[in-house]
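Laboratory data are not the source of any read-out in this text; all were calculated from the coordinates shown. Every value quoted in this text rests on a predicted model; they were computed, and no experiment measured them. Cβ atoms come from the backbone with ideal geometry, glycine included; neighbour counts cover every protein chain shown.
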Amino acid sequence: MFLAIDSSIGTSVAIVSSKGEILVEKSSEDPRGHAEFIGSLITGALVEAGDPESIEGVVMGVGPGPFTGLRVGMVAAKAFSLSRQIQIIPVISHDAIALGAGDVVVITDAKRGEIAYSVYQGKGIKNRLHEPKLCRIEDLDLSLGDFSQLKKVRVSTVSAGALGQVAMRYAASKVEFDSIKPRYLRSPDVTGGP
């Protein structure tokens, strides 16, 4: 079994079987309550799954997402992984939305009047054409260029269950995982003093 955690938009936690079945999924769509919800969502998912000792890896959503929210999920995934001495499997959060969608542009809110987007083509494994990018919503078609006619999917949540399923497919196909690097796409609002 795998624990999957994503906090790129809302907060979502799932337990996914090694066959890719979503056994339990708990989530909150609150875009600001990541730290308040993450612990109870993880605990609830582990209790409902019934066998937390069988968790053999942690699937970590690495964004794109705003600075604070994304860090909460990534830190929770790292802490769980370290406490159990099990592997971390990083996955771009947009990959979970594009799972099985074919030719599509995945769009999520990046705050401050901007969106994050990723372009996917085909139904194969890891069909993302490039790293996620940032732009203003009114500039999306211009930013997309030749891909502006693709279907656009704008979502307000990322399913940790789907994130876990993506990780299972990548592992089964021996696809290289993304790096354990947050995809913030912009600098944090708060910076250190002089």
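What percent do you get for the relative contact order of the stretch 95-193 when only Cα pairs under 8 Å and 6+ apart count?
29 percent
Could you work out which residue, out of Leu129, Leu70, Leu144, moves most in a Gaussian network model of the chain, that is, has the largest mean-square fluctuation with Cα springs under 10 Å?
In this elastic network of the chain, the residue with the biggest mean-square fluctuation among Leu129, Leu70, Leu144 is Leu129.
At 0.36 nm per residue, minus the direct Cα-Cα distance, what do Thr43 and Glu131 gain on full extension? Give it in nm, one decimal, please.
Full extension from Thr43 to Glu131 adds 28.5 nm.
Over the chain, with a Gaussian network built from C-alpha contacts below 10 Å, which listed residue (Gly63, Gly44, Gly122) shows the highest mean-square fluctuation?
Residue with maximal mean-square fluctuation among Gly63, Gly44, Gly122: Gly122.
What whole number of Å gives the distance from the Cα centroid of the stretch 114-132 to the Cα centroid of the stretch 34-54?
30 Å
Restricting to DSSP loop positions (anything but H, G, I, E, B) with no more than 13 other Cβ atoms inside 10 Å of their own Cβ, which GluC sites (Glu not before Pro) remain in the stretch 41-77?
Glu56
Quote the FRET efficiency, to the nearest 0.05, computed for Leu82 versus Ser18 with a Förster distance R0 of 22 Å and r equal to the Cβ-Cβ distance.
Efficiency for this residue pair is about 0.55.
So, by mean Cβ neighbours within 10 angstrom, what's the order for 145-152, 89-96 with the highest one leading?
89-96, 145-152
Please tell me the relative contact order of the chain in percent, rounded to the nearest whole number, where contacts are Cα pairs under 8 Å and at least six residues apart.
The normalised contact order for the chain reaches 27 percent.
Pick out, in residue order, every one of the GluC sites (Glu not before Pro) in the stretch 89-194 that is DSSP loop and has at most 16 other C-beta atoms within 10 Å; say none if there are none.
Working: sites: Glu114, Glu138, Glu176; in loops: Glu176.
Within the stretch 89-194, the qualifying GluC sites (Glu not before Pro) (loop, at most 16 other Cβ atoms within 10 Å) are Glu176.
Which of Val62, Val24, Val153 ends up with the largest GNM mean-square fluctuation for the chain, with Cα atoms connected below 10 Å?
Result: Val153 has the largest fluctuation of those listed.
Could you give the length gained by full extension between Gln149 and Glu176, i.e. 0.36 nm per residue of separation minus their alpha carbon distance, to one decimal place?
6.8 nm
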